[in-house]
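Have a look at the structure below before the remarks.
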There are 2 protein chains.
Amino acid sequence: MGRIMVLRMGHRFFRDSRVTTHVCLTARALGADGLIIADREDKTVEATIREVTGRFGGDFSIESGQPWRKTIRDWSDKGGKIVHLTAYGLRLPDVIDEINQVEGDILVVVGSEKMPGEVFKLADWNVSVTNQPMSEVAALSIFLDWHLKHSAFDKTFPNSEVRIVPSRDQKKIQRLSLTTSTRVRV
Amino acid sequence: MGRIMVLRMGHRFFRDSRVTTHVCLTARALGADGLIIADREDKTVEATIREVTGRFGGDFSIESGQPWRKTIRDWSDKGGKIVHLTAYGLRLPDVIDEINQVEGDILVVVGSEKMPGEVFKLADWNVSVTNQPMSEVAALSIFLDWHLKHSAFDKTFPNSEVRIVPSRDQKKIQRLSLTTSTRVRV
């Protein structure tokens, strides 16, 4: 399987910072290799995500300010495939098998309501995670969970400073640098 | 199967309005019956979600300003179960079968970083959708998709004014009141 990158369209500085941060955290936790925020620089979101990756590990990449059309065209030119998540697209259950046969790189495009129509034409697949008004965070998470066949639950993030230990009823964080286990009282 | 309601904790007016709207849209699209925003009234988010439901159908309920502790305790007292989604909880794949055996009502509690520790004790299950820093929107969407066994993709929303028709490459909306199909140029 190739690389999976996410292209976040329609981001507006400050107004969308929190939702875009959710998109980034979701992409990282659920197994994408990195995320590009299209067209607008946002060093604050970049810094937040780099800090998470430094602390919790892995090598998720984050950049912002790349022009969307060039990013999509360059990806296609190099043989990568484009999956555009939109409530208007074909139903995920109807296309997931076809998408799962892709052996190369996949760019997952997510955005807002005002997605340029051209994206629908440039995409190899326009895919809907329900045909209802939806969160792009939710659409991305379900797409990645299906595409990667739930493997995010077993994914390891190397070089982390801390690790969350699954617990029945408390917050339990292991500090890997000191190799001691800390229980945070809740 | 009983009702599924979502309790959205830690909402702050304006600052969290967009993320909370994403939580609501996700809950509705993926098959929950309604959502309660804890502790703080937000008539703007309520109005947005009621408008979506009016247009796209179904009977998703939305309310805000209910105190969280009372909401959880009342739910438990009536025999309902509490599922708290948190990166610190037990892994979803390890507990989903147990949760799926619940025949009564389920309250899914989602929040922010500053979740009161008491919630961990009041919950019947603390459940993690990956043990990484995560979006509550993503966690909720994957939990609902697993718990409802992907049935949201076939869910119908009665009494809608419009319906999105899944399309390979365009925005296609059917207006049900006029029973004509409109293609929106993209």
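The values are calculated or read from the model by the stated rules, or taken from the named source; none is laboratory data. Predicted, not measured: the structure shown is a model, and the values here were computed from it. Ideal geometry is used to build each Cβ from the backbone, glycine not excepted, and the neighbour counts take in all protein chains shown. Protein only, heavy atoms only, side chains kept; ligands, DNA and RNA dropped before computing areas. Shrake-Rupley method; radii C 1.70, N 1.55, O 1.52, S 1.80 Å.
For the stretch B:82-174, give the share of DSSP beta bridges that are antiparallel, in percent and rounded to the nearest 5; count only bridges with both residues there.
Working: 2 of 10 bridges.
Roughly 20 percent of the DSSP beta bridges within the stretch B:82-174 come out antiparallel.
Could you give the C-alpha radius of gyration of the stretch B:28-130 expressed as a fraction of 2.2 N^0.38 Å, taking N as the number of residues it contains?
Values: Rg = 14.5 Å, N = 103, 2.2 N^0.38 = 12.8 Å.
My calculation over the Cα atoms of the stretch B:28-130 gives 1.13.
Indicate, rounded to the nearest 5 percent, the antiparallel portion of the DSSP beta bridges found entirely in the protein assembly as shown. All intermediate terms of the calculation are to be shown ahead of the outcome.
Details: 16 of 62 bridges.
Looking only at bridges with both residues in the protein assembly as shown, the antiparallel portion is about 25 percent.
How big is the B-A contact in terms of buried accessible area, both chains counted, 1.4 Å probe, rounded to the nearest 100 Å²?
Numbers: alone 11060 and 11050 Å², together 17080 Å².
In total, chains B and A hide about 5000 Å² from solvent.
Which links in A:K114/B:K172; A:K155/B:K121; A:K43/B:K114 stretch past 23 Å when you go from one Cα to the other? Walk me through the numbers before you get to the answer.
Details: A:K114/B:K172 15 Å; A:K155/B:K121 28 Å; A:K43/B:K114 25 Å.
Where the Cα-Cα span goes over 23 Å, the pairs concerned are A:K155/B:K121; A:K43/B:K114.
Just the accessible area for B:E51, please: 1.4 Å probe, Å², rounded to the nearest 10?
130 Å²
In a Gaussian network model over chain A where Cα atoms closer than 10 Å are linked, find which of A:G31, A:G89, A:G111 has the largest mean-square fluctuation.
A:G89
At B:R12 and A:R91, where each label point lies 7 Å from the Cα along Cα→Cβ, what is the point-to-point distance in nanometres?
A separation of 4.1 nm, rounded to one decimal place.
Would you please give the residues with an amide H less than 5 Å from that of A:I62, counting only those at least 5 places away or on a separate chain, with H modeled from the backbone geometry?
Under 5 Å from the amide H of A:I62 lie the amide H atoms of A:L35, each far enough along the sequence or on another chain.
Starting from the 7 Å offset along Cα-to-Cβ, what nm value, one decimal, do you get for the label separation of B:V162 and A:N159?
Reported label-point gap for B:V162 and A:N159 is 4.7 nm.
Mind jotting down the three principal axis lengths of the protein assembly as shown based on Cα atoms? Whole angstrom, largest first.
Over the protein assembly as shown, Cα extents along the principal axes are 54, 52, 36 Å.
Which distances, shortest first and in nm, link A:R50 to the matching position in the other copies, using label points set 7 Å out along Cα to C-beta?
Values, ascending and in nm: 4.6.
If you take every DSSP beta bridge whose two residues both sit in chain B, what share of them, in percent to the nearest 5, is antiparallel? Could you put the intermediate results ahead of the total?
Values: 8 of 31 bridges.
Among the beta bridges of chain B, antiparallel pairing accounts for roughly 25 percent.
Relative to the Cα centre, what is the charge dipole magnitude of chain A, using +1 at the beta carbon of each Lys and Arg, -1 at the beta carbon of each Asp and Glu, and rounding to the nearest 20 debye? Present the calculation step by step, with values, prior to reporting the outcome.
On the way: 27 positive and 24 negative charges, 177 e Å.
Result for chain A is approximately 860 debye, rounded to the nearest 20.
Measuring from centroid to centroid over Cα atoms, what is the spacing of the stretch A:20-77 and the stretch B:79-124 in Å?
Cα centres, the stretch A:20-77 to the stretch B:79-124: 30 Å.
Using only atoms on other chains, find how many Cβ atoms lie within 10 Å of each Cβ of peptide A:24-37 and report the average.
On the way: counts 2, 9, 10, 2, 4, 10, 7, 1, 0, 0, 0, 0, 0, 0.
If you average over the peptide's residues, the count of other-chain Cβ atoms is 3.
With chain B rotated onto chain A, spot the residue of B whose Cβ lies nearest the axis and note the distance in whole Å.
B:V137, 2
Taking the label point as lying 7 angstrom from Cα along the Cα-to-Cβ axis, what are the distances from A:Q101 to the corresponding position in the remaining copies, in ascending order and in nanometres?
Shortest to longest, the spacings are 4.1 nm.
How far, in nm to one decimal, is A:R73 from itself in the other copies if the label point is set 7 angstrom along Cα toward Cβ? Shortest first, please.
From this label point to the equivalent ones elsewhere in the assembly: 6.3 nm.
Note down the relative contact order for chain A as a percent, whole number, built from C-alpha pairs under 8 angstrom at least six residues apart.
Details: 339 pairs, mean separation 47.0, N = 186.
The value is 25 percent.
If amide H atoms are built 1.01 Å from N in the plane of the peptide, which residues on other chains or at least 5 residues away come under 5 Å of the amide H of B:V109?
Excluding prolines and chain starts, which carry no amide H, the hits are B:L7, B:V83, B:H84, B:L85.
For the protein assembly as shown, what does the accessible surface come to per residue with a 1.4 Å probe? Please give it in Å². Present the calculation step by step, with values, prior to reporting the outcome.
On the way: 17080 Å² over 372 residues.
It amounts to 46 Å² per residue over the protein assembly as shown.
Pull up all non-local amide H partners of A:R91: gap of 5 or more, or a different chain, and H-to-H distance under 5 Å with H placed in the peptide plane.
A:S128
Of B:K121, B:K114, B:K149, which has the most accessible area with a 1.4 Å probe, and how do the rest follow in descending order?
Final ranking, largest accessible area leading: B:K114, B:K149, B:K121.
If you take the beta carbon distance between B:R40 and A:E98 as r and set R0 to 51 Å, what does 1/(1 + (r/R0)^6) give as a FRET efficiency, to the nearest 0.05?
On the way: r = 44 Å, r/R0 = 0.87.
So, using R0 = 51 Å, E works out to roughly 0.70.
If I take R0 = 51 Å and measure r between the Cβ atoms of A:A47 and B:H150 in this structure, what FRET efficiency does the formula 1/(1 + (r/R0)^6) give, to the nearest 0.05? Write out the running numbers ahead of the final one.
On the way: r = 37 Å, r/R0 = 0.72.
Rounded to the nearest 0.05, the efficiency is 0.90.
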